[in-house]
Amino acid sequence: MGANGPDLAALQRRLTEFAAARHWQPFHTPKNLAAALSVEAAELLEIFQWLTSEQAGAVMADEDTAHRVRDEVADVLAYLLQFCEVLGIDLLAALAAKIDRNELRFPRPGGGVDPSSG
């Protein structure tokens with residue numbers, strides 16, 4: 001557990017143990033997990049589908065909707081963590097490397113120094 005709750009590695013272990021206890025590993029193939037991840041992301045999108053920008057910005061103000069959003073976000077993260085576990089991807093390292101590539105691909109306008117970096 002980290003200072004603010006469980007860390008990603010601990011959650012990933014819990015998900016692995018949960019699936020193993022139910023003998024779900026044969027179904028947790030990269031293809032199936034990618035499909036499940038896509039479905040859960042679509043369920044998150046469904047909450048926002050017909051909302052205006054203003055309504056979408058206030059979605060967490062309604063507890064029932066906020067609960068649905070939190071559940072779908074958790075489902076997306078759970079499947080992403082399981083996907084990464086099956087393929088041996090270090091999620092945080094992959095994200096850091098992607099941010100590095102994006103910083104090179106999309107340089108800061110004006111090429112100036114980031115005022116928040118120092």
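At a glance:
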{"quantity": "Breaking point among (1) under 16 Å from the mean Cα position of the chain (by Cα); (2) open to solvent by less than 70 Å² (accessible area, probe 1.4 Å), for Leu95", "calculated": "(2)"}
{"quantity": "Pairs where the first residue, in the range 63-84, is more than 11 Å from Ile47 (Cα to Cα) and the second is open to solvent by less than 70 Å² (accessible area, probe 1.4 Å) and not in a helix (DSSP H, G or I), C-beta under 9 Å, 6+ apart", "calculated": "Gln82/His28; Phe83/His28; Phe83/Ile89"}
{"quantity": "Selected residue [surrounded by 13 or more Cβ atoms within 10 Å (Cβ to Cβ) and not in a helix (DSSP H, G or I)] from Leu37, Leu51", "calculated": "Leu51"}
{"quantity": "Sole residue being loosely packed, with under 12 Cβ neighbours inside 10 Å, touching a helix residue (DSSP H, G or I) at 6+ places or on another chain (Cβ under 9 Å) and among the charged types (D, E, K, R), chosen from Glu85, Glu46, Glu72", "calculated": "Glu46"}
{"quantity": "Whichever residue in the range 12-25 is free of Cβ contacts under 8 Å to residues at least 60 places away in the same chain and open to solvent by less than 90 Å² (accessible area, probe 1.4 Å) and, among such residues, is farthest from the chain's Cα centre (by Cα)", "calculated": "Ala21"}
{"quantity": "Condition check for Ala9: at pLDDT 95 or above and open to solvent by less than 100 Å² (accessible area, probe 1.4 Å)", "calculated": "no"}
{"quantity": "Test: residue in the range 15-24 that is assigned to a loop (DSSP other than H, G, I, E, B), modelled with pLDDT of 95 or more, closer than 15 Å to Leu80 by Cβ and out of contact with any Lys or Arg (no Cβ under 6 Å at 6 or more places or on another chain)", "calculated": "no"}
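The values are calculated or read from the model by the stated rules, or taken from the named source; none is laboratory data. No experiment lies behind these values; they were computed from the predicted model shown. Glycine also receives a Cβ, built like all others from the backbone with ideal geometry; neighbour counts cover every protein chain displayed. All accessible areas refer to the heavy atoms of the entire protein, side chains included, with ligands and DNA or RNA removed. Shrake-Rupley method; radii C 1.70, N 1.55, O 1.52, S 1.80 Å.
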